1. If I build a Gaussian network model for the chain, linking alpha-carbon pairs within less than 10 angstrom, which residue out of Thr21, Thr39, Thr188 has the largest mean-square fluctuation?
2. Could you give me the ³J(HN,Hα) list for the stretch 20-29, computed from phi with Karplus coefficients 6.51, -1.76, 1.60 and θ = phi - 60°, whole Hz, x at Gly and Pro?
3. Return a whole-number percent for the relative contact order of the stretch 2-210, with Cα pairs under 8 Å and 6 or more residues apart as the contact set.
4. What are the ³J(HN,Hα) couplings of the stretch 96-106, residue after residue, when phi is run through the Karplus curve with 6.51, -1.76, 1.60 and θ = phi - 60°? Round to Hz, x for glycine and proline.
5. Could you line up Asp131, Asp196, Asp143 from fewest to most neighbouring Cβ atoms inside 10 Å?
6. In a Debye calculation with equal point scatterers on the alpha-carbon sites of the stretch 90-135 and no solvent, what is log10 I(q)/I(0) at q = 0.14, 0.16, 0.28 Å⁻¹?
7. Can you sort Cys36, Cys66, Cys29 by how many other beta carbons sit within 10 Å, fewest first?
8. Using a simple charge model, +1 on the beta-carbon of Lys and Arg, -1 on the beta-carbon of Asp and Glu, nothing else, what dipole does the chain show about its Cα centre, in debye to the nearest 20?
Amino acid sequence: MKLNELFFSIQGESSSMGLPTVFVRFTGCNLRCSYCDTTYAYFEGTRTTPEEIFRQIQEYGVRRVCLTGGEPLIQPREELQQLLDLLGGNNYEVSIETDGSIDIERVKLRPKQRFILDIKVPSSDMHTYMDFDNLKRIVPERDEIKFVVGNEEDYLWSKEIIRRYEISPERGYRLLFSPVYGVLEPRTLAEWILQDEWDVRLQVQLHKWLWEPEKRGV
């Protein structure tokens, strides 16, 4: 496995927003989103093992872990599964942030583990790379689906995807909407959601409000 960084911070996104979390950022990504804020994770990193990553996680006093990147699912499958099994066997809550282009059934989740599936919108320039079959593979009451929106076109496109694949909140799916930081005003996205009377979660990348937007390790 190739590790870019491992750090302890406040979760800025997902349903765990605001909670202390150990972040494991892997090196490498198969996509190149226009708004990517972690380009340093494309190549920088050090080879390590699941056991060593787990040892470092244990140094912190919380049992909440976020596997992110880059793209975690491009790590060697057997090693990633081994890390998930180590965390699962020790009662850690785990979220896996994945970019929506890779089959999420590549690994098997344990109890208290979930996917955060990031469906790329048109302004990302990566929406044509999505594996939309993942929307059939996720577990509605367990996993979360995220749309990072840069403009109204993205928002309307996301609504169409939700309709087409029948992943509405009424069917038990957990939907997250986030504005692209510095591009779309959070208030504008909030107004669209309220106008549509949608039962979705608005998130604003809390860590970029707590610290400098470009700060690493937070």
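Where a number appears in this text, it was derived from the coordinates with a stated rule and is not lab data. All figures in this text were calculated on a predicted structure; none of them were measured in a lab. Note that each Cβ is placed from the backbone with ideal geometry, even for glycine, and that neighbours are counted across all protein chains shown.
1. Thr188
2. x, 8, 8, 9, 10, 9, 8, 8, x, 8
3. Working: 380 pairs, mean separation 36.8, N = 209.
It rounds to 18 percent for the stretch 2-210.
4. Computed from phi, the couplings for the stretch 96-106 are 10, 8, 10, 7, x, 9, 10, 4, 6, 7, 4 Hz.
5. Working: Asp131 15, Asp196 11, Asp143 22.
By the 10 Å Cβ count, ascending, the order reads Asp196, Asp131, Asp143.
6. Log10 I(q)/I(0), no solvent term: -0.38, -0.48, -1.02.
7. On the way: Cys36 15, Cys66 23, Cys29 20.
Listing Cys36, Cys66, Cys29 from fewest to most nearby Cβ atoms yields Cys36, Cys29, Cys66.
8. Numbers: 28 positive and 36 negative charges, 120 e Å.
Computed charge dipole of the chain: roughly 580 debye.
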